[in-house]
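Chemist: Have a look at this one before I ask anything.
Rule-based calculations on the coordinates, nothing more; no lab input. Here the structure is a predicted model, which means the values were calculated and not measured. With ideal geometry, Cβ positions are generated from the backbone for all residues, glycine too; neighbour counts draw on all protein chains shown.
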Amino acid sequence: MEIIKNSTFKNVETEKIVKEQVSSIIEDIKINKDEALKKYNMKFDNNNREVIRVSKEEIEEAYKQVDDKFIENLKVAAANIENFAKAQKESFDNNFEKEIYPGVILGQKHIPVNSCLAYVPGGGYPLFSTALMLIIPAKVAGVKRVVACSPTMKDVAKINPKTLVAMDIA
């Protein structure tokens with residue numbers, strides 16, 4: 001038998017360092033809020049954008065930068081995703097518990113959430129369809145507050161126009 005690829009083992013020490021760094025960043029953001037976000041935006045993405053929230057004017061400008069066919073295709077995809085999400089929602093009543101052996105009970109229960117964050121990959125490799133796939137099902141499920149975010153394009157303080165339009169349609 002030919003070995004195509006050898007497995008690699010996690011470096012426990014490196015993983016521990018990364019977890020500590022990420023925990024430190026999260027704690028900084030909890031304490032310093034937007035100022036910390038701006039600091040890390042500059043540190044990791046070389047982006048000195050002062051206002052984090054996207055304005056209505058930026059969204060309108062994004063629509064002008066993409067062609068009508070793209071917008072129409074997004075709307076068709078959005079409708080398909082919404083229809084499927086509605087069908088999925090109908091299956092939410094299938095909560096169950098099963099005792100797999102004495103004293104061990106496993107199960108599934110759908111619990112609604114009040115808010116969620118939809119992270120849409122961007123930067124050098126935008127995945128605008130992710131906006132539709134995350135935001136629309138959350139809204140159909142009844143999530144009251146859906147927030148979406150995406151990194152800006154490389155060396156530009158703006159989100160990819162296609163990603164922004166997809167987020168707006170969703």
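Chemist: Where a Cα-Cα gap under 17 Å defines reach, which aspartates and glutamates qualify for LYS39, not counting those fewer than 8 residues away within the same chain?
Modeler: Candidates past the 8-residue exclusion: GLU27, ASP28, GLU50, ASP155.
Chemist: Using the count of nearby Cβ atoms within 10 Å as a rough guide to exposure, how do GLU58, GLU35 rank from fewest to most?
Modeler: Fewest-to-most Cβ neighbours within 10 Å comes out as GLU35, GLU58.
Chemist: Once the other residues with Cβ under 13 Å from the Cβ of CYS116 are scored (Lys, Arg +1; Asp, Glu -1), what is the net sum?
Modeler: +3
Chemist: Moving on. Between the alpha-carbon centers of the stretch 1-67 and the stretch 90-142, tell me the distance in whole angstrom.
Modeler: Here the two parts' Cα centres lie 22 Å apart.
Chemist: Of PRO102, PRO112, PRO137, which has the largest mean-square fluctuation in a 10 Å C-alpha GNM of the chain?
Modeler: Answer for the Gaussian network model of the chain: PRO102.
Chemist: OK, next. Which one of LYS19, LYS109, LYS98 has the biggest mean-square fluctuation once the chain is modelled by GNM with Cα springs under 10 Å?
Modeler: LYS98
Chemist: What list do you get for LEU127, LEU74 if you sort them by fewest beta carbons within 10 Å?
Modeler: By the 10 Å Cβ count, ascending, the order reads LEU127, LEU74.
Chemist: Pick out which of MET153, MET133, MET42 has the largest mean-square fluctuation in a Gaussian network model of the chain, springs linking Cα atoms closer than 10 Å.
Modeler: Checking each option, the largest mean-square fluctuation is seen for MET42.
Chemist: Using Cβ counts within 10 Å as a stand-in for footprinting exposure, how do PHE96, PHE9 rank, fewest first?
Modeler: Fewest-to-most Cβ neighbours within 10 Å comes out as PHE9, PHE96.
Chemist: What is the stretch 83-170's relative contact order, in percent, from Cα pairs under 8 angstrom and six or more apart in sequence?
Modeler: 29
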